[in-house]
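Here is the structure we will look at.
Derivation of every value follows stated rules applied to the coordinates shown; laboratory data play no part. Since this is a predicted model, take the numbers as computed values, not measurements. Using ideal geometry, Cβ is built from the backbone for each residue, glycine included, and neighbour counts are taken over all protein chains shown.
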Amino acid sequence: MKEKLHQLKLKYQGKKMAPAFNALHTFLYTPNETTHSGAHVRGADDLKRTMNTVILALVPCLLFGMFNAGYQHYSAINGFPESFSLFNDFLTWDNFLIGITTVLPLVIVSYGIGLGIEFLFAVIKGHEVEEGYLVTGMLVPLIVPVDTPLWMLAIAVAFGVVIGKEVFGGTGMNILNPALTIRAFLFFAYPTWMSGDKVWVHGAVERAGTADAISGETVLGSLAQGSDLTYSLSDMFYGFIPGSVGETSTLLIILGGLFLIFSKIASWRIMVSAVVGALAMGLIFNGIIDAGWLPEYSKFYTLMSFPYWQHLLVGGLAFGIVFMATDPVTGSQTNKGKWYYGFFIGFLSVMIRVFNPGYPEGVFLAILLMNVFAPTIDHYVVRGNIKKRLKRFKTATIYPKPSDEVDSLKTETA
Amino acid sequence: MALLSKKDANLIKDPLADNNPITIQVLGICSALAITAELKASVVMAISVLFVLGVGNVVISLLRNIIPSKIRIIVQLVVVAALVIIVDQVLKAFAYELSKTLSVFVGLIITNCIIMGRFEAFALGNGPWKSFLDGIGNALGYGVILVIVGFFRELLGSGTLFGIKVLGDPVAKTGLYSIGYENNGFMIIPPAALIVVGIIIWVQRSKNRALIEEA
């Protein structure tokens, strides 16, 4: 097998289709063929390993999303179970069947279209296909509503990959996170499919207007309309709530996040500071309510009085912080910059949530905005460091270096 | 004998392709973003600019030897303003509905960078006939891009062309809409025009690599 592949590689070498072939040849692993001249040392933690680790961290969210798609669908029809049991109500084959028939097509379309475009550009431009899209292609189905029409997803993926990534030069050169570019495109192009109370539960759109009409509002959506919370805290934490496919379960996101931190793939600085930022903004809003500055009839009242730490449990905030904000390409590069970058993502997400009822979820806008600002933040961090060092240099007293010569001179004169 | 000498013909041809005011000189972007959500508005805007730039270039060219150079910008502004008011009044008289959709943007032709740019760069240094051709050429180059952008934005954003429902009726679910197609709301908002113009620039430069600027 390996021999054959190698022969094929030599055959295609220098031909137009070479990048496409190499991409398949080196898929997920770098082949162990070695060059025969010079010394080469390869780190094991290359781009391939990085991407694979992120995908591993995402798999629990994807599986949970499949079950949840079915659970929300049946609960919307039959009512939520009185006494919830994990194995009887949630991890059932019926739920999984709904999940796999709705979520799997999203994954296939996302990968099919995205990788197709990547291969096309690689062949035209003659560069290698990078693994960057493997993560994006996995993130996309997780951050869209379960009933998103496939052709819409296909258009959005094409837009995101071409305009968001390839025009800048491909993996590693993009300014904006491609998965969020796709999400933003969908949101602005087809707002009726991306918000409201019909899109989060499978089948709700088709049943609208009929006798079997069902609906499921996200927690943030119902809060924005000023209604009371219908889900318990544990539901929100474990993720048994309506929402985009893979972002509901805070528990699994935290597990994925810890996995990424301990494998040193994602930056813990960004995660921690984003959480701090979200808590800070939430506390400010709660403070405003507690001080009685906002009358109860204000349209912001319900969202502002939402306990500050619960913001982290609902909506895509946790998912965005763990898997999107930590994108090494579009985030800040300096350690100090990461603190600022993360903090403002959390801060702005909660602010957009509360102040703009048109955008019930603000995390994707906040991350895209900070993506744009990341190079600026880095610039000032580096400049600040240069200034600090110059100052230190000016005030420093420079001692002559002790050297053997001095000693030998001393012994001579003594 | 050809109608125009080769040099004169180039005055019209160049701005249409390799020296396009929008995609190469990146002038007049503001109006290209603002009014291209509908094809009709784009066409009317293109014609208005054609008139203002064609006539304006001739007027400035005729006056070029008697304008004191210190106040030339003011003189140019007066000429454009006069022409724009004529266009505005004509639109109000004969196409009132349309003038309402174009609203302030007809007045804002005054600030269109292409017009002042051509006055400064060409009409002040060339004779009336050449200036006329240059004005027509640049206005056409501007108009072509406007119409292309308007075409895609109206077709994808509203499913119509010149207000005619070419893709079927979105409410009654006929045509493409019966199989689940939906209008792309993103195309209606001005940032979409920026992306469409960007794609035109991309296509143009990959066809003619000489146009790519040094990084």
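My understanding is that a pair violates if its Cα-Cα distance is over 23 Å; which of A:Lys125/B:Lys13; A:Lys125/A:Lys165; B:Lys40/B:Lys165; B:Lys92/B:Lys130 do that in this structure?
Over 23 Å apart, Cα to Cα: A:Lys125/B:Lys13; B:Lys92/B:Lys130.
Given H placed on each backbone N at 1.01 Å, which residues far from B:Leu161 in sequence or on other chains put an amide H within less than 5 Å of it?
Amide H neighbours of B:Leu161, under 5 Å, 5+ apart: B:Val166.
Using a 10 Å cut-off on Cβ to Cβ distances, tally the other chain neighbours for every residue of A:363-369 and report the average as a whole number.
Neighbouring Cβ atoms belonging to other protein chains average 0 per residue here.
When ranked by the protection proxy of mean other Cβ atoms within 10 Å per residue, highest first, what sequence do the peptides A:146-157, A:106-117, A:67-78, B:64-75 form?
A:67-78, A:146-157, A:106-117, B:64-75
Please sort through the DSSP H helices of chain B and keep those with an alpha-carbon extent of at least 24 Å along the long axis and a Kyte-Doolittle average not below 0.0.
What comes out of the filter, once short or polar helices are dropped, is B:39-63, B:72-94, B:128-158, B:191-207.
Dipole magnitude of chain B about its Cα centre, charges +1 at Lys/Arg Cβ and -1 at Asp/Glu Cβ only, in debye to the nearest 20?
Details: 17 positive and 13 negative charges, 74 e Å.
Dipole about the Cα centre, nearest 20: 360 debye.
Measure out, as a whole number of angstrom, how far apart the alpha-carbon centroids of segment A:262-278 and segment B:63-118 sit.
55
Could you work out the Kirkwood radius for segment B:20-100, taking every pair of different alpha carbons, averaging 1/r and inverting it, reported in Å?
Kirkwood radius, segment B:20-100: 14.3 Å.
Shielding of A:178-191 by partners, i.e. mean partner chain Cβ atoms within 10 Å per residue? Numbers along the way, then the final one.
Numbers: counts 0, 0, 0, 0, 0, 0, 1, 3, 1, 2, 8, 11, 5, 2.
For peptide A:178-191, the averaged partner shielding equals 2.
In whole angstrom, note down how far apart the Cα centers of segment A:287-313 and segment A:330-384 are.
The distance from the Cα centre of segment A:287-313 to that of segment A:330-384 comes to 23 Å.
Please work out the Cα center distance from segment B:149-215 to segment A:138-156, rounded to the nearest Å.
Rounded to whole Å, the Cα centres lie 21 Å apart.
Classify segment A:227-333 as rounded, prolate or oblate from the Cα gyration tensor: take a ≥ b ≥ c as the square roots of its eigenvalues, call it rounded if a/c is under 1.5, otherwise prolate when a/b beats b/c and oblate if not.
Verdict is oblate for segment A:227-333.
Tell me, what is the percent relative contact order of chain B, built from C-alpha pairs under 8 Å that lie six or more residues apart?
33 percent.
Once phi is turned into ³J(HN,Hα) by the Karplus curve 6.51 cos²θ - 1.76 cosθ + 1.60 with θ = phi - 60°, what whole-Hz value does each residue of segment A:138-148 show in order, with x for glycine and proline?
7, 5, 4, x, 7, 10, 10, x, 5, 9, 3
Taking the highest mean first, how do the peptides B:145-154, B:116-125 order by number of other beta carbon atoms within 10 angstrom per residue? Write down the numbers at each step before the final one.
Numbers: B:145-154: 22.2, B:116-125: 18.8.
Highest mean packing first, the order is B:145-154, B:116-125.
Which values of log₁₀ I(q)/I(0), to two decimal places, follow from the Debye formula for segment B:104-215 at q = 0.14, 0.24 Å⁻¹ with a uniform point scatterer at every Cα?
-0.80, -1.26
Could the peptides B:187-197, B:95-105, B:26-36 be put in order, highest first, of the mean number of other beta-carbon atoms found within 10 Å of their residues?
B:26-36, B:187-197, B:95-105
Any chance you could run the full-extension gain for B:Leu62 through B:Ala93? It's 0.36 nm times the residue separation minus the Cα-Cα distance, nm to one decimal. Walk me through the intermediate numbers first.
Numbers: separation 31, 0.36 × 31 = 11.16 nm, distance 2.97 nm.
Additional length available on full extension: 8.2 nm.
Residue by residue through A:153-163, how many Cβ atoms from other chains fall within 10 Å of the Cβ on average?
That works out to 1 on average.
Apply the Kirkwood formula to segment B:156-215: the hydrodynamic radius equals the inverse of the mean of 1/r over all pairs of different alpha-carbon atoms; give it in Å with one decimal. Intermediate values should be presented prior to the final figure.
Details: mean 1/r = 0.0725 Å⁻¹.
13.8 Å is the Kirkwood radius here.
Mind listing P(r) for chain B? All alpha-carbon pairs, 10 Å bins, whole percents.
8, 30, 32, 21, 7, 2, 0
If you consider only alpha-carbon coordinates, what radius of gyration and Dmax does segment A:289-387 have, in Å?
Over segment A:289-387's Cα set, Rg and Dmax evaluate to 15.7, 52 Å.
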